[in-house]
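A.B. asks: Could you have a look at this structure, given as structure tokens, before my questions?
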Amino acid sequence: MVLLEFSMTPLDKGESVSPYVSRSLKIVDESGVDYRLTPMGTCLEGEWDAVMGVIKKCFDTMNADCNRITCSIKIDYRKGKAGRLESKIASVEEKLGKTLKK
């Protein structure tokens, strides 16, 4: 299973890019891939082809009307391990003995 964090932003659309980011989140939400939105990016969890397919659709959509795009991707692959969007946080909280802000 892949745990992937990404941020994709057009560089040629001014200061506020939320309309473009929102289009990507629509793709993510409709993909069926488990995800979590954060203030600075989005985390996806699933099989390699599924999560990379989401990234490609987001890029293709942004590329349709954006001339310059930046994309940061961080990938953590672990064989046979699912549910890490929740379990990685739960593990840290258990060790701390308290719930952290989400």
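Rule-based calculations on the coordinates, nothing more; no lab input. If you're wondering where the values come from, they're calculated on a predicted model, not measured in any experiment. Here the Cβ is made from the backbone with ideal geometry for all residues, glycine too, and neighbour counts use every protein chain on show.
A.B. asks: Return the total of residues in segment 53-79 being more than 17 Å from L4 (Cβ to Cβ), in contact (Cβ under 8 Å) with a residue 24 or more places away in the chain and in a loop (DSSP other than H, G, I, E, B).
C.D. replies: The number of residues fulfilling the criteria is 3.
A.B. asks: Name every residue in segment 80-98 that is in a loop (DSSP other than H, G, I, E, B) and surrounded by 10 or more Cβ atoms within 10 Å (Cβ to Cβ), in order of residue number.
C.D. replies: Those that are in a loop (DSSP other than H, G, I, E, B) and surrounded by 10 or more Cβ atoms within 10 Å (Cβ to Cβ): K81, A82, G83.
A.B. asks: Would you tally the residues in segment 27-55 being charged (D, E, K, R) and within 12 Å of the chain's Cα centre (by Cα)?
C.D. replies: In the first step, residues of segment 27-55 are kept if they are charged (D, E, K, R); the result is 29-30, 34, 36, 45, 47, 49.
Retained after the next criterion (residues that are within 12 Å of the chain's Cα centre (by Cα)): 29, 34, 36, 45.
Qualifying residue count, segment 27-55: 4.
A.B. asks: For segment 36-46, does any single residue satisfy the condition of being charged (D, E, K, R) and touching a strand residue (DSSP E or B) at 6+ places or on another chain (Cβ under 7 Å)?
C.D. replies: yes
A.B. asks: Same structure, new question: Pull out all pairs, ordered by first then second residue, where Cβ-Cβ is under 6 Å, the residues are six or more apart or on different chains, the first lies in segment 1-30 and is closer than 27 Å to K79 by Cα and in contact (Cβ under 8 Å) with a residue 12 or more places away in the chain, and the second is among the aromatic types (F, W, Y) and surrounded by 12 or more Cβ atoms within 10 Å (Cβ to Cβ).
C.D. replies: V2/W48; V28/Y35
A.B. asks: Inspect segment 13-26 for any residue being assigned to a loop (DSSP other than H, G, I, E, B) and surrounded by 11 or more Cβ atoms within 10 Å (Cβ to Cβ) and give the result as yes or no.
C.D. replies: Yes.
A.B. asks: On the basis of being of a type outside the set (S, T, Y) and either within 16 Å of K74 (Cα to Cα) or crowded, with 18+ Cβ neighbours inside 10 Å (or both), does E47 make the cut? Don't jump to the end; show me each part of the working.
C.D. replies: Working: of a type outside the set (S, T, Y): yes; either within 16 Å of K74 (Cα to Cα) or crowded, with 18+ Cβ neighbours inside 10 Å (or both): yes.
Taking the combined requirement at face value, the residue satisfies it.
A.B. asks: So C66 clears everything in (1) in contact with an Asp or Glu (Cβ under 7 Å, 6 or more places away or on another chain); (2) within 21 Å of G83 (Cβ to Cβ) except one condition, right? Which one?
C.D. replies: (2)
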